[in-house]
Amino acid sequence: MNASGREILQHVFGYPGFRGEQEHIVEHLIGGGDCLVLMPTGGGKSLCYQIPALVRDGTAIVVSPLIALMQDQVQALLQLGVRAAFLNSSLDAQAAYAIEQDLLHGRLDLLYVAPERLLTPRFMDLLARSKLALFAIDEAHCVSQWGHDFRPEYRALSILHERFPFVPRIALTATADNPTRREIVERLGLESSRQFISSFDRPNIRYRITAKRNARQQLLDFLAGHRDDVGIVYCLSRKKVDETAAFLAARGLRALPYHAGLDAATRSNNQQRFLREEGMVMVATIAFGMGIDKPDVRFVAHLDLPKSIEGYYQETGRAGRDGLPAEAWLAYGLGDVVTLRRMVDGSDASEQRKRLERQKLDALLGFCESIHCRRHSLLDYFGEPYPAQCGNCDNCLKPPQTWDGTEAARKALSCVYRTQQRFGAGHLIDVLLGKTTDKVSQFGHDSLSTFGVGKELNELQWRGVFRQLAAMGFLNADLEGFGGLRLTALSRPVLKGEQTITFRTESARREKRSRQGRVAPQRIVAAGDESLWQALREARTRLAKQQGVPPYVIFHDATLLEMLASKPHDLQEFAAISGVGARKLEQYGATFLAVLSEVPSKASIIADGSA
């Protein structure tokens, strides 16, 4: 391919070579071709347009949906000596005018802009008077009205091809099933463009899903394996975000809340602290995350069920962008199923939309209850074959036990029917266990044939039965009946003895984090190198604070780890480290070489025979 592309990759970005499809995408775009790129988070999508932007004449216009994403990208590019800027509402009129003049006079390599601003007549006129290298449409799945991040402004971006037919376009996303992919192509007029579809697999992420029992305690047990790690905890409601953040903070964790109900100043401050400080845990609704370009997130935890596999994939994909070990943990229960189904049924959406949302939720529930490899199931949803077991998910590491639940299912469904399909799982379990509670007596349910017929199982096991029956589609929540469980058409063959049911075995054991199950600093850094690792991180943090940028903008953890492993002695050896381009070598080489020489690791001392 064009040698200058390779030179820019090595000289500016400091990487020795391209990964996967990057080289072909860069070559195609430099040559003036349009393309659609599907590449997982952390796969290096931004390089696919940043390098062509530096090769082609003119300024690359990058369409980005969020201010935070623009600022992150521009800060990182400025560190590399690239002439980059953004135009958004955070700028005053004078600053915006100066950037517009830089665009008109060819003083910018890349300009990031929101779709709302780009589509204004004034900005279109500005583009018409400028030299344009390419258009990059980031987060392109936002164009899909069936997607989880739909933004109507994205659908109008077809105007770019109509107004500027000779300027190449690249649309990029990390999350798109086949229908979303077709809609991106159709809405953006990319029918004749080339498609580059990388693997959706994120092998560095460990997937774990568990049934809710004591969710907060389960979360604490999980976080015990991630002490001092950066992470995100997702909750469905604003109230739960606030309560969970306060709960974690009271137990010594550096936890902050983030949701749309907070005032703008608080949201901005919390986001900046998450980006710039080590060891922060952000407890958030899904309002937080898209476009957060933070590579060292070591875990993403869900305290509530997401709405779809696409949402789950996108949210968990915010962990481990740097390629280092990370973990995705989800706790869910029957209450999540009831809540989300009620949200779908009670929305103002069209019946077509509701039907699709139900299908997406059913697919996610099937994924959660699956006894097979999580990665296999996840990739299968996106149409990607994965023939082997991944060895890095809960179902592979500890295969779940199953049992014939046909008789238990019949008892549960019969109990729902005989209580007039009006009650939730808690009351139904009391009936099955033969408990004479006030509510059972009030409704005369102690005289039903199903009263006390389920004593062979305990409460935990019955909760698993009802949760799995709901996940399998045998039960639905009654929207008008305040969440009472109702039979579906699928229940009839089970009740008539014509269909068998297999359940996952519910574990009564409280989850403890084993050393094997943790993704913690000890697993990434050898014990003898911990002091040097901390010294490198502290040096990075000092430089970041001096410049007012997040630490990862100076160097990613992966780059620090390579310093730790190779222990360069001079600038020439330091320049060979991945992620060290010419500008960063000049700015930071001496600082980090000094740290490496001043803080010898125990491992080095032992290797030198000096202990």
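Structure notes:
- Segment 372-401: number of residues that are open to solvent by 70 Å² or more (accessible area, probe 1.4 Å) and in contact with a Lys or Arg (Cβ under 9 Å, 6 or more places away or on another chain): 3
- Where helices (runs of 4 or more DSSP H) fall wholly inside segment 350-417, the ranges with 1 or more residues that are in contact (Cβ under 8 Å) with a residue 40 or more places away in the chain and closer than 30 Å to His445 by Cβ are 351-369.
- Scope segment 351-409; condition acidic (Asp, Glu) and modelled with pLDDT of 85 or more; matching residues: Glu369, Asp380, Glu384, Asp394, Asp404, Glu407
- Matching residues, segment 534-555, being in contact (Cβ under 8 Å) with a residue 12 or more places away in the chain, surrounded by fewer than 21 Cβ atoms within 10 Å (Cβ to Cβ) and not in a helix (DSSP H, G or I): Val549
- Within segment 481-510, residues that are at pLDDT 80 or above have Cβ atoms under 7 Å from residues that are open to solvent by 60 Å² or more (accessible area, probe 1.4 Å) and polar (S, T, N, Q) in these pairs: Arg486/Asn476; Thr488/Asn476; Pro493/Gln499; Thr502/Thr402; Phe503/Thr402; Arg504/Thr402; Thr505/Gln401; Thr505/Thr402, counting only partners at least 6 apart in sequence or on another chain.
- Hits in segment 8-44 (condition: within 19 Å of Thr173 (Cα to Cα), in a loop (DSSP other than H, G, I, E, B) and open to solvent by less than 60 Å² (accessible area, probe 1.4 Å)): Phe18, Gly33, Asp34, Met39, Pro40, Thr41, Gly42, Gly43, Gly44
- Residue match in segment 341-360 (condition: among the β-branched types (Val, Ile, Thr) and open to solvent by 30 Å² or more (accessible area, probe 1.4 Å)): no
- Residues that are of a type outside the set (A, V, I, L, M) and over 8 Å from the mean Cα position of the chain (by Cα) were ranked within segment 312-327; the one that is most open to solvent (accessible area, probe 1.4 Å) is Arg321.
- The set of residues in segment 72-97 that are crowded, with 21+ Cβ neighbours inside 10 Å and of a type outside the set (A, V, I, L, M, F, W, C) comprises Asp72, Gln73.
- Meeting the requirement of 1 or more residues that are of a type in the set (Val, Ile, Thr), in contact (Cβ under 8 Å) with a residue 12 or more places away in the chain and closer than 25 Å to Pro325 by Cβ, the strands (runs of 3 or more DSSP E) wholly within segment 228-311 are 230-234, 281-284, 297-302.
The values are calculated or read from the model by the stated rules, or taken from the named source; none is laboratory data. Just so we're clear, the structure is a prediction, and the values are computed from it rather than from any experiment. Methodologically, a virtual Cβ is constructed for each residue, glycine included, from the backbone with ideal geometry; neighbour enumeration extends over all protein chains shown. Calculation scope for accessible area: heavy atoms of the full protein, side chains included, ligands and nucleic acids excluded. Shrake-Rupley method; radii C 1.70, N 1.55, O 1.52, S 1.80 Å.
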